[in-house]
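Enquirer: Okay, here's the structure, questions in a sec.
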Ligand SMILES: NC(=O)c1ccc[n+]([C@@H]2O[C@H](COP(=O)([O-])OP(=O)(O)OC[C@H]3O[C@@H](n4cnc5c(N)ncnc54)[C@H](OP(=O)(O)O)[C@@H]3O)[C@@H](O)[C@H]2O)c1
């Protein structure tokens with residue numbers, strides 16, 4: 001029994017249980033009788049608006065539907081699995097499990113090192129001792145562990161219990177690694193969705209938080225409600241799980257480039273005794289223009305057209321050379337600006353001096 005859901009969910013669940021008697025799921029399966037639209041799970045794919053789905057039926061079926069609705073549509077794998085299992089209760093996995101609990105779902109948790117689920121159990125989760133037990137109990141299986149080699153190992157160990165389960169793997173890795181996890185799940189009869197989390201643990205569930213999904217469009221659609229507990233933004237970017245990984249890496253790669261550049265600038269400013277915060281205030285406008293520059297860069301890369309009337313590479317070069325000389329004179333790191341200088345100088349050397357900065361994509365493509 002889940003503790004801690006909203007009063008409305010709790011009330012609807014107890015109303016359904018009261019109507020159905022002591023063994024609600026069994027009773028409701030009998031009531032549903034497998035008829036389309038009233039069986040043990042909501043019809044896959046598109047659902048009617050919740051209020052219509054709830055009310056357009058007899059009182060008995062209404063009671064059953066209230067239970068299904070109150071449990072977020074995850075009832076009914078056909079073999080007794082109810083709720084959401086979370087494998088891995090580290091910093092991120094713990095936050096994901098708490099979000100599932102907060103959504104009012106029966107929550108089953110497993111972690112390699114016992115004891116990490118204690119606080120979640122106190123809030124209403126059920127902790128189990130083995131992966132197979134967790135997978136058997138959860139219609140949806142959320143995986144969040146250290147690396148996809150571990151994720152795959154755990155899911156392979158679950159074996160045939162994976163049949164009919166929906167695996168939402170939120171473990172970071174490379175595109176190839178997550179495709180291998182997807183194949184391992186499919187080979188055992190499970191459905192698969194990879195999610196690339198773009199926030200830290202306290203951001204889980206925030207309306208602005210993003211998780212990029214790749215995999216089954218049907219799973220993404222059917223489990224929209226559960227996915228919405230993790231992030232307000234949950235786009236399916238591809239049916240290939242590997243592409244979702246690349247989306248995440250593209251954000252991170254951009255972030256590290258920006259952070260390195262900013263911290264190098266901060267080193268130069270603080271070497272001069274300038275407060276970095278003051279600089280940020282006064283340089284707001286040119287810094288904001290940087291992100292406004294990205295769409296034109298993207299268009300040039302997508303179209304493979306790099307010529308530009310203004311701001312060509314030959315105009316970048318003298319400014320980068322200034323930064324290299326300034327860094328050397330101050331005795332701060334010159335490796336980062338020298339790296340940029342060498343890229344630009346090499347592109348100019350190949351005859352691209354009149355092209356925009358986007359031309360450098362060829363360096364990164366290694367063409
Ligand atoms: N933390 C974040 O802010 C954040 C943000 C975005 C994405 N992520 C991703 O989320 C995933 C988990 O990260 P985390 O920060 O939560 O890591 P963490 O706090 O170090 O937790 C790692 C989890 O993996 C489990 N684990 C490690 N090796 C295992 C093995 N051989 N067998 C079974 N379980 C094993 C750990 O179990 P034990 O408790 O037994 O060690 C623990 O539950 C990673 O892919 C990470 O990149 C994290």
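Enquirer: Could you tell me which numbered condition residue 334 fails, if it satisfies all but one of (1) under 14 Å from residue 359 (Cβ atoms); (2) over 35 Å from the mean Cα position of the chain (by Cα)?
Expert: Evaluating residue 334 over (1) under 14 Å from residue 359 (Cβ atoms); (2) over 35 Å from the mean Cα position of the chain (by Cα) leaves (1) as the failure.
Enquirer: Kindly provide the set of residues from region 145-165 that are within 7 Å of the ligand (Cβ to nearest atom) and on the phi > 0 side of the Ramachandran plot, ordered by number.
Expert: 147
Enquirer: Within region 102-113, is even one residue assigned to a helix (DSSP H, G or I) and surrounded by 20 or more Cβ atoms within 10 Å (Cβ to Cβ)? Explain how you work it out, then say what you get.
Expert: Taking region 102-113 and keeping what is assigned to a helix (DSSP H, G or I), we get 102.
This time we only want the ones that are surrounded by 20 or more Cβ atoms within 10 Å (Cβ to Cβ), so: none.
No - not one qualifying residue is present in region 102-113.
Enquirer: Any residue at all in region 299-315 that is part of a helix (DSSP H, G or I), in contact with a strand residue (DSSP E or B) (Cβ under 7 Å, 6 or more places away or on another chain) and in contact (Cβ under 8 Å) with a residue 12 or more places away in the chain? If you could, list the steps in order and put the result at the bottom.
Expert: From region 299-315, those part of a helix (DSSP H, G or I) are 299-303, 313-315; that's our starting set.
This time we only want the ones that are in contact with a strand residue (DSSP E or B) (Cβ under 7 Å, 6 or more places away or on another chain), so: 313.
Then drop every residue that is not in contact (Cβ under 8 Å) with a residue 12 or more places away in the chain, which leaves 313.
Yes, some residue in region 299-315 is part of a helix (DSSP H, G or I), in contact with a strand residue (DSSP E or B) (Cβ under 7 Å, 6 or more places away or on another chain) and in contact (Cβ under 8 Å) with a residue 12 or more places away in the chain.
Enquirer: Related question: Please list, ordered by first then second residue, the pairs with beta carbon atoms under 9 Å, 6 or more apart or interchain, first in region 102-116 and without any contact (Cβ under 8 Å) to a residue 60 or more places away in the chain, second away from the ligand (no atom under 15 Å from the Cβ) and part of a strand (DSSP E or B).
Expert: Short answer, once both residue conditions are applied: 108/84; 108/126; 109/126.
Enquirer: Across region 114-132, which residue is nearest to the ligand (Cβ to nearest atom) among those that are surrounded by 17 or more Cβ atoms within 10 Å (Cβ to Cβ) and part of a helix (DSSP H, G or I)?
Expert: Of everything passing the filter in region 114-132, 131 is nearest to the ligand (Cβ to nearest atom).
Enquirer: Could you look through region 214-228, keep only residues that are under 20 Å from residue 94 (Cα atoms) and outside any loop (DSSP other than H, G, I, E, B), and pick out the one that is farthest from the ligand (Cβ to nearest atom)?
Expert: So, considering only residues that are under 20 Å from residue 94 (Cα atoms) and outside any loop (DSSP other than H, G, I, E, B), the one farthest from the ligand (Cβ to nearest atom) is 225.
Enquirer: Same structure, new question: Under 6 Å between Cβ atoms, at least 6 apart or on separate chains: pull out the pairs that start in region 158-176 with a residue that is closer than 11 Å to residue 193 by Cα and end on any residue that is part of a loop (DSSP other than H, G, I, E, B) and at pLDDT below 95.
Expert: none
Enquirer: Oh, and also: Could you tell me how many of the residues in region 91-101 are within 10 Å of the ligand (Cβ to nearest atom) and surrounded by fewer than 24 Cβ atoms within 10 Å (Cβ to Cβ)?
Expert: At the first step, the residues of region 91-101 found to be within 10 Å of the ligand (Cβ to nearest atom) are 91-96.
Then keep just the ones that are surrounded by fewer than 24 Cβ atoms within 10 Å (Cβ to Cβ); that gives 91-92, 94-95.
Counting residues in region 91-101 that are within 10 Å of the ligand (Cβ to nearest atom) and surrounded by fewer than 24 Cβ atoms within 10 Å (Cβ to Cβ) gives 4.
Enquirer: If I filter region 166-183 down to residues being within 12 Å of the ligand (Cβ to nearest atom) and over 15 Å from the mean Cα position of the chain (by Cα), which single residue comes out as surrounded by the fewest Cβ atoms within 10 Å (Cβ to Cβ)?
Expert: Kept after step one, since they are within 12 Å of the ligand (Cβ to nearest atom), are these residues of region 166-183: 169-174, 177-178, 181.
Those still in the list that are over 15 Å from the mean Cα position of the chain (by Cα) too: 177, 181.
Details: 177: 20, 181: 25.
The selected residue is 177.
Enquirer: Taking the conditions exactly as written (closer than 23 Å to residue 253 by Cβ and at pLDDT 95 or above), does residue 313 satisfy them or not? Reasoning before the result, please.
Expert: Working: closer than 23 Å to residue 253 by Cβ: yes; at pLDDT 95 or above: yes.
Spelling it out, residue 313 is indeed closer than 23 Å to residue 253 by Cβ and at pLDDT 95 or above.
The values are calculated or read from the model by the stated rules, or taken from the named source; none is laboratory data. The structure presented is a predicted model; accordingly, all values stated were derived computationally and were not measured. Quick reminder, even Gly has a Cβ in these numbers, built from the backbone with ideal geometry, and neighbours come from all protein chains shown.
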